[in-house]
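Input: a single structure, listed below in structure tokens.
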Amino acid sequence: MALLNIEVDGQTTQVESGRTVMDAARQLGIKIPHFCYHRKLSIAANCRMCLVQVEKAPKPLPACATPAAEGMKVSTHSEYAVNAQKAVMEFLLVNHPLDCPICDQGGECKLQDMSVGYGGGASRFKEEKRVVANKDLGPLIATDMTRCILCTRCVRFGQEIAGIMELGVGGRGEHSEILAFVDQTVDSEISGNAIDLCPVGALTSKPFRYSARSWELTQHDSIGAHDGLGSNVVVQVKQNTKVMRVLPNNNDDVNECWLSDRDRFSYEGLNSADRLTTPLIKENGQWVEATWVEALQIVADAFNKIKDVQGADALGALVSPNSTLEELYLAQKLLRDLGSHHIDHRVRQSDFSLDAVQTNIPWLGLPVAQWPELKSCLIIGSSLRAEQPLLAVRLREAVRNGAQINLINPFVDDLAMPVAHQLVGTPSQLPGLLAEVLQAVAALQNVTVSAALQPLMSHAPSAVAQGIAESLVNNSSCALFLGCLAQHHEAYGTLYAVTVELARILKAPFGVLGEAANSVGAVLAGAVPHRGPLGTHNAPGLDAQAMLSSPRKAYLVMGLEPELDCANPAAALAALKGADFVVALSAFRGQTPNWASVILPVAPFTETAGTFISMEGRVQSFKGAVAPQGQARPAWKVLRVLGNLLELQGYDFESVDDIRAELSHDLKALTKNSLGNELAAAPALKVRASLGTIERIGEVPVYQTDALVRRSPSLQASRLGSTVEVQINSALASRLNLKCGQNVRVRQGQGVAHLVLRVNDAVPDGSARVPVGHPLTAQLNDANGVVSLEGAS
Amino acid sequence: MTQVIMGGCDGENTWRLKDYVARGGYEALRKVLSGMTPDQVITEVKTSALRGRGGAGFPTGLKWTFMPKNYVGDKYVVCNSDEGEPGTFKDRDILRYNPHALIEGMIIAAFAMGATRGYNYIHGEIWSVYERCEEAIEEARSAGFLGNNILGSSFSFNLYNHHGYGAYICGEETALLESIEGKKGQPRYKPPFPATYGLYGKPTTINNTETFASVPWIIQHGGQAFLEIGRPNNGGSKMFSVSGHVNKPGNYEVPMGTPFATLLEMAGGMRDGRAIKAVIPGGSSMPVLPGHIMMQTDMDYDSIAKAGSMLGSGAVIVMDDTTCMVGMLERLAWFYHEESCGQCTPCREGTGWLYRIIHRIEHGQGRMEDLDLLLSLSDNIQGRTICALGDAAAMPVRSFVNHFRAEFEHHITHKRCLVGSAHSEKAA
Ligand SMILES: Cc1cc2nc3c(=O)[nH]c(=O)nc-3n(C[C@H](O)[C@H](O)[C@H](O)COP(=O)(O)O)c2cc1C
Ligand code: SF4
Ligand code: SF4
Ligand code: FES
């Protein structure tokens, strides 16, 4: 690319041709006032705030839209430029209300900041000001549309980043206003970014509204706790006690300047009335508050007794993959020191056949920042926008750069971007569909598929499978990813094995889309039955499913709502209720009294220091932003004291740093060396025909990923949060004589769920989308099983 | 007097293909296809000194050279028949009485620039004209002037009419492209210019109806002949839409450089023999000039520019001494305020502000400092916007206040109109 020499305010620099004056100025660290310009959005050049003086140009030019040219001389702060900027400022203010004292944007408003520098003292505007009606954009975004300066950042965000144009400019001239479509709200899974983008107080956070002034808040760096990306966030705290808001922290390698609504608004749950603030024990069948000493002693005694009588094998632990590395490390240490390897964080998984053949830690396989350079990819089993909202943003960028996206899914998914090919079948058909792609790729590359996988090669590839194969073969920079629907699939090992073979033939990277904040960290810490910390292999313990199907006498449950978070809630509850003793470490009361013996209030991620290792292997430590509420304590402290009470050796940690140091002195290097998606051998394959009708497609709704998200009233009130329905296609609906919109009973095993039916031909015949992880479906059992449907009034 | 465009058209029955052919129509196309190279065509147009008739007067031949030559894929030519500029009504007459001149001109332009497709974007409120254009295109297609392998050559070109929706801003060439694409008619920021990134992102050239309609004559008679009709740098004849206080308002096609006084005479002179007060010589967006200056000025780009205004689209709005200049400017300011697309700050906020100030003055609520404020705001709008509508809103304001300041001051101090007596006289 040709480099151009350009001079800005007397300083010279070089920029690539195609770059703008604004780019050159930014490169030199020169600030040019702007509103509509945003480095992640297309150029609109509509606010005119960035007008600068360009030598030989007859008029001031907008820096954001003026291409740099060889030898160009620009003055951004000459009298000429500043006069032009001041004039624009005056126009922007004529119809802007002077309500800064009651505006939530006050203190972080670009207009306010700039009017200090560029605005006139008294207004020359003596006419009446315009008033614009506010809009109801849903429970997340509040509007004060009279303040809007029509920079269209929010509009371009929808079109370009979120992939759906949920906002647009209606009307013309002075009557222009930002609108959603008639009677629509803004429902995207990343909608809150429009709040950050809005340079004025037209779009503000509804949950945060009028609750604090920005300058009262202290800032604390932290990490998003609800998916595997490890988004960098700022937690904003009022009076050192209450989390008021969470905002993105820019990191171009991770979340850029964006944040998913899940990570942005989940903080509401931190202040939920359901928070546990004191240990609870049972006396004569009644729950009563207890001191930590009392409660922990009960736990230690119970564990010791069961261990002595039944053996350590009777102990098991189910832990949340959103726990910190340090918590997970201590939990497994405790279990293993007691003599049990029955610990697992993969509570939604149902096929563990890979455990026998996988020695390294499965990870994303390709750093996030490299996603936009992909030219083709295949994503297997993922409702990507719900699972990984910001990976979808990266893929959108790849698509803009010409990439082809291919999907294999149990339903036609709307990724809000063009998709080249979608191969869709019922859950039981997915391994076969993936095998078709493998077969077509092998044929195109003229190689034979390894003998171990031959049993899967029964169907000739369909045209769509062929299309996917060609897309992968013809684009050298391609990659393969297994999403959560694949990871939860009853034949996950088989899907994985076929993917490994595809990647081998294509010489392409492949990986898994980490489900939780610490899916990678949990394996590294040893919170799995087959692999201790540092990869030590012990006699394998029971995995999350086996621990429930062969129930233990005592359980430690950390950070989970088993009735919602486990692949089979009914089995989980039965096992826990049948146990002699269960200790729950939880931030929330929830259903814990129904299955726990002792309830210990522990701190959520904002109230403890800790570490998450993201799905790309990024080790990110953070500190607590506020003190734990009430008597709640960080789980690592609770586990440490428990270790002491159990008279185990080596539980004298003073801080999370000590815990990390015991694990490794160079956690980054350890992580880097431990990542690997290859298999030592092929796992046992699962080949089978249909499960029978109606196969359940059990996906986790975007706002049901974990206990904290479930307690954000705003997320739950949003359209994505409040829409809970069973979906089947029209053929099945007519066979069952059911109508779209009617109430139905979904039965599975002994359980019943009452849901609204949505007829949706995106769902393959013979299957039904029935969400998991939701209170309304908590009575059902296996996420992968079969269900029956009947009409209900 | 040679009339390049309307020569031989004298009524309703001249628009059909057979009439056009009888006037020598499509001979230019035959000439082009029987041996001229695209470069030769462009050279003729350059020699002719034809300048864009849409308003800006940009040299047409030069514009055509901006189209990339070895581009793989579709290129477009687009005709701007949106004609929304107040005072302008020439393009609809071309479409009504001589549509084949436009069609032939567009085919030749497409040949010269290697375009495969064309659109004729027609003003929203003139339905019958649109229907006529549809018929004319169908005639041309049936006769083999449009479509694949035109007249047996290897050149193929398809042309479509596109009916607009009646927004002035859609006459701005990039808003027009957005509108054809089915989007809201809003100007694009330039660069990139349409020749690099135009309709559907493809290289595109947009010209006015009259510009295209001049091309067949140029090819048939040569660029030099066209140039010689007018003046150096101001080739050809041009249609002027004369309106206002004249006896015979209408379109007059005269050679470039014709004295305004002659044009006024052709339009029957001043109505009721009143004195001429002011003229807007190029459509409402152009600066107004006092009548006595216009009477000394010739009708070509350079002469009018020298006199302090612009030839623009060739709409000549003539005002006699009964005209209240404040009321006139109020009406113009209202127009630009209403028609601003609202995209960029100075135009969106400034046009409303201008209008409100002028409205106050007209209604006896003016303040003396308003006049300097008007000038200052006009300065702050002009040259600072995405498209030229901002300039179009500012230029009239500045010229009205500068040339007729006393009248504005009278309004402010006496809270009534200077020409009020003239009004009542007229009413009586
Ligand atoms: C607000 C605005 C309205 C315009 N309206 C018209 C119009 O109605 N017809 C037209 O030919 N050009 C119009 N133009 C000029 C066009 O943008 C463009 O310059 C012209 O069509 C080019 O053709 P030409 O080179 O043949 O003049 C308008 C420009 C502006 C800024
Ligand atoms: S709402 Fe905010 S972001 Fe959207 S156009 Fe208005 S000022 Fe810009
Ligand atoms: S100058 Fe006016 S009409 Fe042109 S783009 Fe800006 S707001 Fe729209
Ligand atoms: S920042 Fe350049 S015009 Fe808005």
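The values are calculated or read from the model by the stated rules, or taken from the named source; none is laboratory data. Model, not experiment: these values are computed from the prediction. In this analysis, Cβ positions are derived from the backbone assuming ideal geometry, glycine residues included, and neighbour counts consider all displayed protein chains.
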Among the residues of segment B:176-185, is there at least one that is touching a Ser or Thr at 6+ places or on another chain (Cβ under 9 Å) and either within 14 Å of chain A (Cβ to nearest Cβ) or free of Cβ contacts under 8 Å to residues at least 60 places away in the same chain (or both)? yes
What about A:Ile161, is it outside any loop (DSSP other than H, G, I, E, B), within 14 Å of chain B (Cβ to nearest Cβ), surrounded by 17 or more Cβ atoms within 10 Å (Cβ to Cβ) and among the aliphatic types (A, V, I, L, M)? no
Would you please name the residue that is farthest from ligand 1 (Cβ to nearest atom), looking only at residues in segment A:1-40 that are within 14 Å of chain B (Cβ to nearest Cβ) and under 28 Å from A:Arg172 (Cα atoms)? A:Pro33
Of the residues that make up segment B:357-368, is at least one assigned to a helix (DSSP H, G or I), facing another protein chain (nearest Cβ under 10 Å), farther than 21 Å from B:Cys324 by Cα and not hydrophobic (A, V, I, L, M, F, W, C)? no
When you look at B:Leu332, is it within 28 Å of B:Pro59 (Cα to Cα) and either away from ligand 3 (no atom under 16 Å from the Cβ) or not charged (D, E, K, R) (or both), yes or no? no
Working carefully through the options B:Gly182, B:Gly230, B:Gly223, B:Gly250, find the one that is away from ligand 1 (no atom under 11 Å from the Cβ) and buried (at least 24 other Cβ atoms within 10 Å of the Cβ). B:Gly230
Is segment B:375-383 home to any residue that is within 24 Å of the chain's Cα centre (by Cα), more than 7 Å from every other protein chain (Cβ to nearest Cβ), closer than 24 Å to B:Val279 by Cβ and not in a helix (DSSP H, G or I)? yes
Could you tell me whether A:Thr185 is more than 14 Å from chain B (Cβ to nearest Cβ) and in contact with a strand residue (DSSP E or B) (Cβ under 9 Å, 6 or more places away or on another chain)? yes
Pick from segment B:311-352, criterion within 7 Å of chain A (Cβ to nearest Cβ) and assigned to a loop (DSSP other than H, G, I, E, B), ranking: nearest to B:Ser179 (Cα to Cα): B:Cys341
Residue ID - nearest to B:Pro191 (Cα to Cα), chosen from residues in segment B:333-391 that are within 16 Å of ligand 1 (Cβ to nearest atom) and among the aromatic types (Phe, Trp, Tyr): B:Tyr336
Only one of (1) away from chain B (no Cβ under 12 Å); (2) free of Cβ contacts under 8 Å to residues at least 40 places away in the same chain does not apply to A:Pro58, and that is (1)
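Conditions (1) more than 13 Å from ligand 3 (Cβ to nearest atom); (2) more than 27 Å from B:His292 (Cα to Cα); (3) surrounded by fewer than 24 Cβ atoms within 10 Å (Cβ to Cβ), marked per residue:
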site: B:Val316; (1), (2), (3): yes, no, no
site: B:Thr323; (1), (2), (3): yes, no, yes
site: B:Glu338; (1), (2), (3): no, yes, yes
site: B:Gly350; (1), (2), (3): no, yes, no
site: B:Gly364; (1), (2), (3): yes, yes, yes
site: B:Ile386; (1), (2), (3): no, yes, no
Is it the case that segment A:358-381 has a residue that's buried (at least 18 other Cβ atoms within 10 Å of the Cβ) and among the acidic types (Asp, Glu)? no
May I ask you to list the residues in segment B:274-290 that are outside any strand (DSSP E or B) and either at pLDDT below 95 or under 16 Å from B:Pro396 (Cβ atoms) (or both)? B:Gly282, B:Ser284, B:Ser285, B:Met286, B:Pro287, B:Val288
Yes or no: segment A:55-70 includes at least one residue that is among the polar types (S, T, N, Q), touching a Lys or Arg at 6+ places or on another chain (Cβ under 8 Å) and in a loop (DSSP other than H, G, I, E, B). no
Top-ranked residue in segment A:462-490 [being surrounded by fewer than 23 Cβ atoms within 10 Å (Cβ to Cβ) and touching an Asp or Glu at 6+ places or on another chain (Cβ under 9 Å); ranked as nearest to A:Cys566 (Cα to Cα)]: A:Glu490
Given the conditions (1) buried (at least 22 other Cβ atoms within 10 Å of the Cβ); (2) touching a residue at least 60 places away in the same chain (Cβ under 8 Å), which single one is not true for B:Arg132? (1)
State whether the residues of segment A:208-219 include one that is under 25 Å from A:Leu364 (Cβ atoms) and either of a type in the set (Gly, Ala, Ser) or in contact with a helix residue (DSSP H, G or I) (Cβ under 8 Å, 6 or more places away or on another chain) (or both). no
With respect to A:Val52, is the statement that it is away from chain B (no Cβ under 12 Å) and either more than 25 Å from B:Gln343 (Cβ to Cβ) or crowded, with 23+ Cβ neighbours inside 10 Å (or both) true? no
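For every residue, the table says whether it meets (1) closer than 24 Å to B:Gly201 by Cα; (2) of a type in the set (Lys, Arg); (3) over 17 Å from the mean Cα position of the chain (by Cα).
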position	(1), (2), (3)
B:Met1	no, no, yes
B:Gly8	no, no, yes
B:Thr37	no, no, yes
B:Gly52	yes, no, no
B:Thr60	yes, no, no
B:Gly87	no, no, no
What number of residues within segment A:86-100 are in a helix (DSSP H, G or I) and within 10 Å of another protein chain (Cβ to nearest Cβ)? 9
Residues (within 22 Å of the chain's Cα centre (by Cα) and among the hydrophobic types (A, V, I, L, M, F, W, C)) located in segment A:558-614: A:Met558, A:Leu560, A:Leu564, A:Cys566, A:Ala567, A:Ala587, A:Phe588, A:Ala603, A:Phe605, A:Ala609, A:Phe612, A:Ile613
Turns out the strands (runs of 3 or more DSSP E) fully within segment A:211-296 with at least 1 residues that are within 19 Å of A:Leu560 (Cα to Cα) are A:280-283
Quick test of your reading of the structure: A:Glu174 fulfils all but one of (1) part of a loop (DSSP other than H, G, I, E, B); (2) in contact (Cβ under 8 Å) with a residue 60 or more places away in the chain; (3) within 14 Å of chain B (Cβ to nearest Cβ). Name the failing condition by number. (1)
Please specify each residue of segment B:190-239 satisfying the condition of being of a type in the set (Ser, Thr, Tyr) and either in contact (Cβ under 8 Å) with a residue 40 or more places away in the chain or away from chain A (no Cβ under 14 Å) (or both). B:Thr196, B:Tyr200, B:Thr204, B:Thr205, B:Thr209, B:Thr211, B:Ser214, B:Ser237
Going through A:Cys151, A:Cys64, A:Cys47 one at a time, which residue ends up being surrounded by 23 or more Cβ atoms within 10 Å (Cβ to Cβ), within 27 Å of A:Gln236 (Cβ to Cβ) and within 14 Å of chain B (Cβ to nearest Cβ)? A:Cys151
For residues that are among the polar types (S, T, N, Q) and part of a loop (DSSP other than H, G, I, E, B), scanning just segment A:17-54, find the one that is farthest from ligand 3 (Cβ to nearest atom). A:Ser17
